[in-house]
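Comments concern the structure below.
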Amino acid sequence: MILVFGKTGQVAIELQRQAPEAARLTALPRAQADLSDPAACAEAIRTLKPSVVINAAAYTAVDRAEEEEPLATRINGEAPGAMARACADLGIPLVHISTDYVFDGSGESPRTPSDPASPSNAYGRSKLAGEEAIRASGCAHVILRTSWVFSAHGANFVKTMLRLGAERDRLAIVADQVGGPTPAAEIARACLAIADAMIADPAKSGTYHLSGAPDVSWANFAREIFAQSGLTSEVSDIPTSNFPTPAKRPLNSRMDNSSLTDTFGLPGPDWRAGLQDVLTDLGALTT
């Protein structure tokens, strides 16, 4: 049985959509496994005794984390650590989703999993705490860092652009932040494949990256959303300095996926094809 923490998030929904019936996937909502109570998360693993755990739940309010860092750290740092220790006790692998925000966003080169982490905001620090706790637990694990997640579910950049593009003739979008938009469906697909591989060969433990290709700015991502959906709103490029936020955003979110491909045979997805699928789901595709 695959035990998933999270039920209504973007990746959790896709995991439930994609898991084969034979896999017997159980997704725990917050009412059954609140990550602000790490001990309860560990107890759920010990009680259910799954064959593998996928943690698809997190505190993701990046700006609010600046004021709620202790809560963000409990959910993103302490809870994954408690999960990992329970997995270590039972001898089962853990697949955990992390983020490009563990890096400082400097430079222009794609980050590799071995590059030093140096988060520049509270959210990134909380996610790095989770990574470190998982590694310290001794459990078989894969930490899968990803970026700019989008889907037909929940709140994300694609759905925001569709709404604003229908309301306004012109939008000013940040153009100096560059990264790889990643379809939640592809993250879920990778997590399921990794889970199977880890059950068979725990020696593949480690940290890997999965982000969409090609790298793109938020402004050009918006242009592609409008092009595929037939919206005519024009995009004006602005620098990050013109759009201040409580949490500092990384300018460079480029990620190197090669070790994931080498170890698990999973290439970085083309986000443009993933965007077509999402727009089809939303009934917004016109091209």
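Report whether or not THR280 is of a type in the set (Val, Ile, Thr), surrounded by fewer than 17 Cβ atoms within 10 Å (Cβ to Cβ), within 22 Å of CYS191 (Cβ to Cβ) and without any contact (Cβ under 8 Å) to a residue 12 or more places away in the chain. Can you show your working first?
Values: of a type in the set (Val, Ile, Thr): yes; surrounded by fewer than 17 Cβ atoms within 10 Å (Cβ to Cβ): yes; within 22 Å of CYS191 (Cβ to Cβ): no; without any contact (Cβ under 8 Å) to a residue 12 or more places away in the chain: yes.
No: the conditions fail for THR280.
If you go through the stretch 38-68, how many residues are more than 27 Å from ILE199 (Cα to Cα) and either free of Cβ contacts under 8 Å to residues at least 60 places away in the same chain or not hydroxyl-bearing (Ser, Thr, Tyr) (or both)? Talk me through it step by step, then tell me what you get.
Kept after step one, since they are more than 27 Å from ILE199 (Cα to Cα), are these residues of the stretch 38-68: 59-68.
Narrowing further to those that are either free of Cβ contacts under 8 Å to residues at least 60 places away in the same chain or not hydroxyl-bearing (Ser, Thr, Tyr) (or both): 61-68.
Residues meeting the conditions: 8.
What pairs can you find where one residue is in the stretch 108-123 and in a loop (DSSP other than H, G, I, E, B), the other is surrounded by fewer than 15 Cβ atoms within 10 Å (Cβ to Cβ) and aliphatic (A, V, I, L, M), and their Cβ atoms are less than 6 Å apart, with a gap of 6+ or different chains?
Correct list of pairs: empty, since none qualify.
When the residues of the stretch 132-141 are filtered to those that are in a helix (DSSP H, G or I) and in contact with a Pro (Cβ under 8 Å, 6 or more places away or on another chain), which remaining residue is surrounded by the fewest Cβ atoms within 10 Å (Cβ to Cβ)?
Of the stretch 132-141, the ones in a helix (DSSP H, G or I) are 132-137.
Then keep just the ones that are in contact with a Pro (Cβ under 8 Å, 6 or more places away or on another chain); that gives 133-134.
Numbers: ALA133: 21, ILE134: 27.
Here the residue is ALA133.
Quick grid of which residues meet (1) touching a Gly at 6+ places or on another chain (Cβ under 8 Å); (2) assigned to a helix (DSSP H, G or I); (3) free of Cβ contacts under 8 Å to residues at least 60 places away in the same chain:
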site	(1), (2), (3)
ALA195	no, yes, no
ALA219	no, yes, yes
VAL235	no, no, no
THR245	no, no, no
PRO250	yes, no, no
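Would you confirm whether any residue within the stretch 245-255 is more than 23 Å from ALA61 (Cβ to Cβ) and at pLDDT 95 or above? If you could, list the steps in order and put the result at the bottom.
Quick first cut of the stretch 245-255, residues more than 23 Å from ALA61 (Cβ to Cβ) only: 254.
Keeping just the survivors that are at pLDDT 95 or above gives 254.
Scanning the stretch 245-255, I find at least one residue that is more than 23 Å from ALA61 (Cβ to Cβ) and at pLDDT 95 or above, so the answer is yes.
Determine whether the stretch 150-163 contains at least one residue that is part of a loop (DSSP other than H, G, I, E, B), crowded, with 20+ Cβ neighbours inside 10 Å, touching a Cys at 6+ places or on another chain (Cβ under 8 Å) and touching a residue at least 24 places away in the same chain (Cβ under 8 Å).
Taking every residue of the stretch 150-163 in turn, none turns out to be part of a loop (DSSP other than H, G, I, E, B), crowded, with 20+ Cβ neighbours inside 10 Å, touching a Cys at 6+ places or on another chain (Cβ under 8 Å) and touching a residue at least 24 places away in the same chain (Cβ under 8 Å).
Would you mind finding the one in GLU186, GLU224 that is acidic (Asp, Glu), out of contact with any strand residue (DSSP E or B) (no Cβ under 7 Å at 6 or more places or on another chain) and more than 19 Å from ASP100 (Cα to Cα)?
Details: GLU186 fails: more than 19 Å from ASP100 (Cα to Cα).
Only one candidate qualifies: GLU224.
Can you confirm whether CYS191 is part of a loop (DSSP other than H, G, I, E, B), within 30 Å of LEU3 (Cα to Cα), at pLDDT 95 or above and touching a strand residue (DSSP E or B) at 6+ places or on another chain (Cβ under 7 Å)? Working first, answer last.
Numbers: part of a loop (DSSP other than H, G, I, E, B): no; within 30 Å of LEU3 (Cα to Cα): yes; at pLDDT 95 or above: yes; touching a strand residue (DSSP E or B) at 6+ places or on another chain (Cβ under 7 Å): yes.
Spelling it out, it is not the case that CYS191 is part of a loop (DSSP other than H, G, I, E, B), within 30 Å of LEU3 (Cα to Cα), at pLDDT 95 or above and touching a strand residue (DSSP E or B) at 6+ places or on another chain (Cβ under 7 Å).
How many of the residues in the stretch 1-49 are in contact with a Ser or Thr (Cβ under 8 Å, 6 or more places away or on another chain), among the aliphatic types (A, V, I, L, M) and in a loop (DSSP other than H, G, I, E, B)?
Result for the stretch 1-49: 1.
Within the stretch 225-247, work out how many residues are buried (at least 19 other Cβ atoms within 10 Å of the Cβ) and under 23 Å from the mean Cα position of the chain (by Cα).
Selection size over the stretch 225-247: 1.
From the residues in the stretch 248-277 that are hydroxyl-bearing (Ser, Thr, Tyr) and under 22 Å from ASP104 (Cβ atoms), which one is surrounded by the most Cβ atoms within 10 Å (Cβ to Cβ)? Walk me through it before giving the result.
Step one: list which residues in the stretch 248-277 are hydroxyl-bearing (Ser, Thr, Tyr), which gives 253, 258-259, 261, 263.
Filter once more, keeping what is under 22 Å from ASP104 (Cβ atoms): 253, 258-259.
Working: SER253: 23, SER258: 14, SER259: 15.
Within the stretch 248-277, the match that is surrounded by the most Cβ atoms within 10 Å (Cβ to Cβ) is SER253.
Could you list, in sequence order, all residues of the stretch 164-182 that are assigned to a helix (DSSP H, G or I) and either among the basic types (Lys, Arg) or buried (at least 20 other Cβ atoms within 10 Å of the Cβ) (or both)? Give the derivation first.
Within the stretch 164-182, the subset assigned to a helix (DSSP H, G or I) is 164-167.
Residue satisfying the conditions is GLY165 alone.
Going by the structure shown, is GLY274 touching a strand residue (DSSP E or B) at 6+ places or on another chain (Cβ under 7 Å) and modelled with pLDDT under 95? Walk me through how you get there before you give the answer.
Values: touching a strand residue (DSSP E or B) at 6+ places or on another chain (Cβ under 7 Å): yes; modelled with pLDDT under 95: no.
Against the criterion (touching a strand residue (DSSP E or B) at 6+ places or on another chain (Cβ under 7 Å) and modelled with pLDDT under 95), GLY274 does not qualify.
Out of everything in the stretch 98-123 that is farther than 17 Å from VAL216 by Cα and aromatic (Phe, Trp, Tyr), what residue ends up being farthest from the chain's Cα centre (by Cα)?
Only one residue fits best here, namely PHE103.
Give me the residue from the stretch 7-23 that is closer than 12 Å to CYS191 by Cα and surrounded by 16 or more Cβ atoms within 10 Å (Cβ to Cβ) and, out of that set, modelled with the lowest pLDDT. Spell out how you get there, then give the answer.
Initial filter on the stretch 7-23 (closer than 12 Å to CYS191 by Cα): 11-12, 14-16, 18-19.
Next, from what is left, pick out any that are surrounded by 16 or more Cβ atoms within 10 Å (Cβ to Cβ): 11-12, 14-16, 19.
Working: VAL11: 97, ALA12: 96, GLU14: 96, LEU15: 96, GLN16: 94, ALA19: 87.
The qualifying residue modelled with the lowest pLDDT is ALA19.
The values are calculated or read from the model by the stated rules, or taken from the named source; none is laboratory data. Fair warning: this is a prediction, and the values are worked out from it, not measured in the lab. Quick reminder, even Gly has a Cβ in these numbers, built from the backbone with ideal geometry, and neighbours come from all protein chains shown.
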